[in-house]
Amino acid sequence: MKKSYHHLNFIKLTFIFLFIATIVQAQKFKVDQLYYEVTTGNNVAVVSEKDDYPYWDTKPAGDITIPEAVTYESTTYNVTSIGEWAFSYCDGLTTVTIPNSVTNIGEWAFIKCTGLTEIVVESSNPNFSSEDGVLFNKNKTNLIQYAIGKTNNSYIIPNSITNISKWAFYECTGLTEITIGNSVTNIGEWAFIKCTGLTEITIGNSVTDIGEGAFYKCTGLTTVTIPNSVTNIGDGAFSYCTGLTEINIEDGNVNYSFIDGVLFNKNKTKLIVHLSGKPGSYTYTIPNSITNISKWAFSGCTGLTEITIGNSVTNIGKWAFAYCSKLDTIRSMITEPNSDSLGNDVFFNVPKDLCILKVPTGSKSKYEVTEQWNEFANIVEDASLVSVKEDEKLITEFKLKQNYPNPFNPSTVINYELPESGKVVLEVYNSIGEKIATLVNKKETKGVHKVTFSAQNLPSGLYFYRISYNNKITTKKMLLLK
C-alpha cells in the first residue's frame, strides 16, 4: 500500500511538471517571421527564436513592420516591448518599423544587423522617435541605435543629444567621421566598438564621461583630442586602436595626462592605455607611481618585447597584456604575487612557453603557485629586481623630493624619505607666508612616503611646501598654473 501511495504521488508530480513545461513552452510563439514571448497578462515582447547564441535557425529578413497587436491560438496580445537580442545577427534585415505600442527596447536588440539601413518609429509612439533611420528616445536626448547598414560615411550627432547609448554604433564599419557636439555629456560603454573605418572623431567640450571600451578596436583612428570637460575615461576606451599614435589632452584637463604614447590619470597612479599603434619593437617600464594597470591597457601591443612591472603595482586588470604576441621578457618586481590582484586572462595569447618571467630573489616559489603567473614555463630569479623593502634598507638620510608634476594643475604629489620613524609635519604656504594646508601631522615609519596636494580652489602662483622631521626642516617651491 505504501509503495502504491508513493507511485501515485510520482504520477501526480510528473503530470504537474509536464503541465508547467507546456505552459512555459506556450510563452513563446511565432507569427509570420517574428517570435513573441508573453511578459505580463496579454502583453508580449518581440524576441529571438532561441535564448542563446546563435539565436536563430530561421532569421527574419527584408522589411519588417512590428504590429501593435498579434493573435495566436484565438488570443490577442499587445506588443509592448522588443527584447534583448530580439533581432541580433539578422543580417538580411533591411528596415524595421516600431509601432506606437512599444514602450521598451532591450539592449543589443539590433546588434550585428549588417544589412539594416533604417529604423522607423511611428510618430505617435510616446517613448521613442527616429530620424534619418536612427533610433532615439522621444525627446531626442538619447541616441539608442544607429542602423549599421547605413551607407553614410559621416554622421553628426544631433544637437539635442546628451547621451550616446551603449553599443549604439557597434561595428558601423562604413562610418569614417563622427562629430559629437557640445550637447553630449556621456559616451556609453562600447558605443563605437569596432568602427574600423572611423578615421576622425570630434569630441565636444561638454563630454564628461567616455565609457569603458567606447572606441575599442577602432583601428582606423590616428589621433584623438580629449577636451577639458572629460572627468572619466573607462578602461579599454582606446585599447587595440592599432592606428592610434597620439591622444591630445587639452591643457586645462585636470584629470588626465599623455606621455610618450601612454595615457595616465593626472597623478600617474593608474595606467589607462599604452597605444598599440606604436611602430617597431620596443620595451617599456611601468612608472614607479603606478598602482593600477587598467583592463586591456597593453592589449594588442604586438611590438612590445619587454615589460618591467614595478613593486608599486597592486592591481593588473583583465586582458591587460592580451595579444602581446612578441613579449619575450617580463620583469616583475612584485615580491608577494597574489592572484586576487589579477583580472581574468591578463596574459592571454602571450607566448608563455617562450617568454621569460624574471622575479625578485627569493620569490620564485611564490610565483610558481600563484594562478596566471604559474602558467609561464620559464620563471627565473633576478637579483637586480629590488623590492620596496630592499629599497627601504638603502635609505640612510632624510630627503624631501621635488613635487611631481611641477608646474601642476590642480593636484601634485610630494614624496619624502625617512631613514627612521619620527614625527612628520608637512605644510603648504603661499608666497606671502600664509599657511594654506597641513598635509601630514603624525608619526610615520621608516621608508618612502607620498602625499597628494590638491589646489582646486587656489589661484595660480608660487607656493612652498615645508616638512619638519626630527628637528630638521626642509622647504621646496612648487608652481600652480591654471
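Numerical summary
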{"read-out": "Asp91 being surrounded by fewer than 21 Cβ atoms within 10 Å (Cβ to Cβ) and within 18 Å of Ile64 (Cβ to Cβ)", "value": "yes"}
{"read-out": "Strands (runs of 3 or more DSSP E) within segment 388-482 that include 1 or more residues β-branched (Val, Ile, Thr), more than 30 Å from Met333 (Cα to Cα) and free of Cβ contacts under 8 Å to residues at least 24 places away in the same chain", "value": "435-444, 472-480"}
{"read-out": "Residue in segment 370-380 that is within 18 Å of Ser299 (Cα to Cα) and touching an Asp or Glu at 6+ places or on another chain (Cβ under 7 Å) present", "value": "no"}
{"read-out": "Single unsatisfied condition, Ala297 versus (1) modelled with pLDDT of 95 or more; (2) in contact with an Asp or Glu (Cβ under 7 Å, 6 or more places away or on another chain)", "value": "(2)"}
{"read-out": "Strands (runs of 3 or more DSSP E) enclosed by segment 135-207 - at least 1 residues per element that are surrounded by fewer than 16 Cβ atoms within 10 Å (Cβ to Cβ) and not acidic (Asp, Glu)", "value": "154-156, 177-180, 200-203"}
{"read-out": "Enumerated strands (runs of 3 or more DSSP E) restricted to segment 210-288, each holding at least 1 residues that are under 14 Å from the mean Cα position of the chain (by Cα) and crowded, with 23+ Cβ neighbours inside 10 Å", "value": "262-265, 270-274"}
{"read-out": "Some residue of segment 62-71 being farther than 25 Å from Ser124 by Cβ and either surrounded by 14 or more Cβ atoms within 10 Å (Cβ to Cβ) or out of contact with any strand residue (DSSP E or B) (no Cβ under 7 Å at 6 or more places or on another chain) (or both)", "value": "no"}
{"read-out": "Subset of segment 268-304 [among the polar types (S, T, N, Q) and in contact with a strand residue (DSSP E or B) (Cβ under 6 Å, 6 or more places away or on another chain)]", "value": "Ser281, Thr283, Thr285, Asn292, Ser294"}
{"read-out": "Leading residue by the ranking (nearest to Ser101 (Cα to Cα)) among those in segment 53-90 that are under 36 Å from the mean Cα position of the chain (by Cα), assigned to a strand (DSSP E or B) and not polar (S, T, N, Q)", "value": "Val79"}
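The values are calculated or read from the model by the stated rules, or taken from the named source; none is laboratory data. Nothing here was measured: the structure is a model prediction, and the numbers come from that model. Glycine gets a Cβ as well: all are built from the backbone with ideal geometry, and neighbour counts include every protein chain shown.
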